[in-house]
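One structure is given here, and the rest of the page talks about it.
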Amino acid sequence: MGMTMTQKILAAHAGQLIEADLDLVLGNDITSPVAIKEMDKMNVEGVFDKDKIALVPDHFVPNKDIKSAEHCKCVREFAYRNEITNYFEVGEMGIEHALLPEKGLTVAGDVIIGADSHTCTYGALGAFSTGVGSTDMAAGMATGKAWFKVPSAIKFNLVGKPSKWISGKDVILHIIGMIGVDGALYKSMEFVGEGIKNLTMDDRFTIANMAIEAGGKNGIFPVDDLAVAYMKAHSNKPYTIYEADEDAVYDEEYTIDLSTLRPTIAFPHLPENTRTIDEIKEDIKIDQVVIGSCTNGRIDDMRIAAEILKDRHVAKGMRCIVIPATQAIYMQAMEEGLLKIFIEAGAVVSTPTCGPCLGGYMGILAEGERCVSTTNRNFVGRMGHVNSEIYLASPAVAAASAVTGRISCPCQL
């Protein structure tokens with residue numbers, strides 16, 4: 001029986017019973033302190049490989065309070081004590097899932113675990129990457145190995161070319177709306193088809209990033225010329241390209257015509273609760289817009305938002321918060337004049353941080369407030385008060401909504 005891409009990568013890294021050798025172990029300022037305490041209990045000396053661990057304080061950084069400062073201090077001291085090569089301090093850090101590919105730490109064929117559920121992002125480059133708990137992160141840092149149940153797979157055949165203002169966020173929200181938040185539970189979501197050539201790398205990162213919102217173990221794309229070019233531009237690491245066999249077995253197969261997709265919004269309080277812009281009949285006024293996160297804080301996202309906000313102004317009483325995902329993206333946005341556009345439009349621009357996505361800081365919602373956000377989750381209380389509401393959308397919809405003060409798309413401006 002043939003194997004899928006994910007099955008091949010795991011088989012190549014497997015010893016007896018799928019104990020896989022790890023190419024990278026990732027942690028952040030929330031999950032790493034727990035893993036570090038677990039390592040202390042193990043009484044292990046050091047880490048398995050100081051070059052294969054990445055520690056990225058990004059959730060509450062710059063520190064928002066004493067507790068977050070103590071967490072970061074714990075990570076910092078561990079990194080220095082173990083001479084961790086890929087530790088990124090304030091001024092060098094960014095949102096982890098945008099930073100690691102940018103730094104060339106994730107390439108095709110790798111097996112990557114991270115104590116953050118959106119570690120599945122790196123499947124955009126043809127890697128097997130998945131989120132784990134802090135205890136598994138601790139074991140990974142100590143031994144360089146992790147246990148896996150090899151997942152079955154769902155094939156998503158993407159065809160056609162998306163129209164203007166349709167991005168990877170619309171694609172993945174459409175899919176989650178179609179199959180549900182448990183539609184791919186512990187399965188590999190494998191994206192194939194001629195339509196992939198019409199998706200940028202930033203689109204692919206967004207789609208892979210939100211595989212977990214459908215319950216997926218991982219999301220993964222084939223490695224084409226665009227992915228190879230990205231890796232060559234960012235990394236000196238060797239990579240391995242795996243392709244699914246012709247007779248690979250999938251639990252389900254779906255064909256999605258990208259040309260038919262419309263701007264899609266996930267209503268409270270689940271990512272599967274989707275409607276297209278054409279299906280929204282009511283007038284939904286909002287209080288805040290967030291453009292950023294590990295899902296949509298990349299340079300394409302900044303450019304799309306700036307194109308819409310240029311020569312326009314955020315609606316009176318609206319808060320529009322723009323968060324470039326890394327220092328490099330922040331710098332590029334500045335050099336391209338995008339930050340000037342945001343500020344002139346009445347938005348604020350933040351240093352790279354996860355911040356508001358998890359209700360951390362830089363955009364907490366009060367009772368009764370509504371936010372259109374380019375983040376990845378809209379659970380009850382996710383961004384603040386339990387009686388607030390989050391509407392997930394693309395940067396295009398978010399920027400247009402900031403201008404009108406209600407859920408809108410650029411075609412309505």
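Overview of values
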item	result
Residue within region 1-23 that is surrounded by 14 or more Cβ atoms within 10 Å (Cβ to Cβ) and touching a His at 6+ places or on another chain (Cβ under 6 Å) present	yes
Of all residues in region 89-130 being surrounded by fewer than 22 Cβ atoms within 10 Å (Cβ to Cβ) and among the small types (Gly, Ala, Ser), the one that is nearest to ALA214 (Cα to Cα)	SER117
Some residue of region 335-351 being more than 18 Å from ASP300 (Cβ to Cβ), part of a loop (DSSP other than H, G, I, E, B), among the aliphatic types (A, V, I, L, M) and open to solvent by 10 Å² or more (accessible area, probe 1.4 Å)	no
Residues (without any contact (Cβ under 8 Å) to a residue 60 or more places away in the chain and surrounded by fewer than 21 Cβ atoms within 10 Å (Cβ to Cβ)) located in region 314-334	ARG319, MET331, GLN332, MET334
Flag for MET201 being under 21 Å from PHE267 (Cα atoms) and under 18 Å from the mean Cα position of the chain (by Cα)	no
Selection from region 348-374 of residues that are under 23 Å from the mean Cα position of the chain (by Cα) and either farther than 21 Å from ASP65 by Cβ or aromatic (Phe, Trp, Tyr) (or both)	VAL349, TYR361, ARG370, CYS371, VAL372, SER373, THR374
Residue list for region 366-381, filter: open to solvent by 10 Å² or more (accessible area, probe 1.4 Å) and within 17 Å of GLY317 (Cα to Cα)	ALA366, GLU367, GLY368, GLU369, ARG370
Among (1) in a helix (DSSP H, G or I); (2) farther than 12 Å from ILE286 by Cβ, the one test that VAL403 misses	(2)
Residue ID - farthest from ILE291 (Cα to Cα), chosen from residues in region 359-400 that are modelled with pLDDT of 95 or more and among the hydroxyl-bearing types (Ser, Thr, Tyr)	SER388
Check on VAL386, over 15 Å from ILE166 (Cβ atoms), without any contact (Cβ under 8 Å) to a residue 40 or more places away in the chain and of a type in the set (A, V, I, L, M, F, W, C)	yes
Pick from region 42-72, criterion in contact with a Phe, Trp or Tyr (Cβ under 6 Å, 6 or more places away or on another chain) and of a type outside the set (A, V, I, L, M, F, W, C), ranking: most open to solvent (accessible area, probe 1.4 Å)	LYS64
Within region 172-182, considering residues that are part of a helix (DSSP H, G or I) and not aliphatic (A, V, I, L, M), the one least open to solvent (accessible area, probe 1.4 Å)	GLY177
Among residues of region 382-413, those that are among the β-branched types (Val, Ile, Thr) and open to solvent by 10 Å² or more (accessible area, probe 1.4 Å), counted	4
Where MET210 falls short, out of the listed (1) over 18 Å from ALA305 (Cβ atoms); (2) surrounded by fewer than 23 Cβ atoms within 10 Å (Cβ to Cβ); (3) in contact with a Leu (Cβ under 9 Å, 6 or more places away or on another chain)	(2)
Restricting region 214-229 to residues that are within 17 Å of the chain's Cα centre (by Cα) and open to solvent by 10 Å² or more (accessible area, probe 1.4 Å), the residue that is nearest to GLU243 (Cα to Cα)	LYS217
Answer residue from region 248-272, given it is within 25 Å of ILE95 (Cβ to Cβ) and open to solvent by 40 Å² or more (accessible area, probe 1.4 Å) and is modelled with the lowest pLDDT among those	HIS269
Elements of type strands (runs of 3 or more DSSP E) contained in region 250-310, each with 3 or more residues being within 20 Å of GLY384 (Cα to Cα) and in contact with a strand residue (DSSP E or B) (Cβ under 7 Å, 6 or more places away or on another chain)	288-291
Output for region 194-207, where each listed residue is over 18 Å from ALA98 (Cβ atoms), in contact with a helix residue (DSSP H, G or I) (Cβ under 9 Å, 6 or more places away or on another chain) and open to solvent by 10 Å² or more (accessible area, probe 1.4 Å)	LYS197, ASN198
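Here is a yes/no grid of residues against (1) assigned to a helix (DSSP H, G or I); (2) in contact with a helix residue (DSSP H, G or I) (Cβ under 6 Å, 6 or more places away or on another chain); (3) farther than 22 Å from THR106 by Cα:
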position	(1), (2), (3)
TYR122	yes, no, no
ALA138	yes, yes, no
VAL150	no, yes, no
ASN157	no, no, yes
PRO162	no, yes, yes
ASP170	yes, no, yes
ALA184	no, yes, yes
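The values are calculated or read from the model by the stated rules, or taken from the named source; none is laboratory data. Remember, it's a predicted structure, so these values are computed and weren't measured experimentally. Every residue, glycine among them, receives a Cβ derived from its backbone with ideal geometry; neighbour counts consider all protein chains shown. Each accessible area value is taken on the protein alone, full model and side chains, heavy atoms only, with ligands, DNA and RNA left out. Shrake-Rupley method; radii C 1.70, N 1.55, O 1.52, S 1.80 Å.
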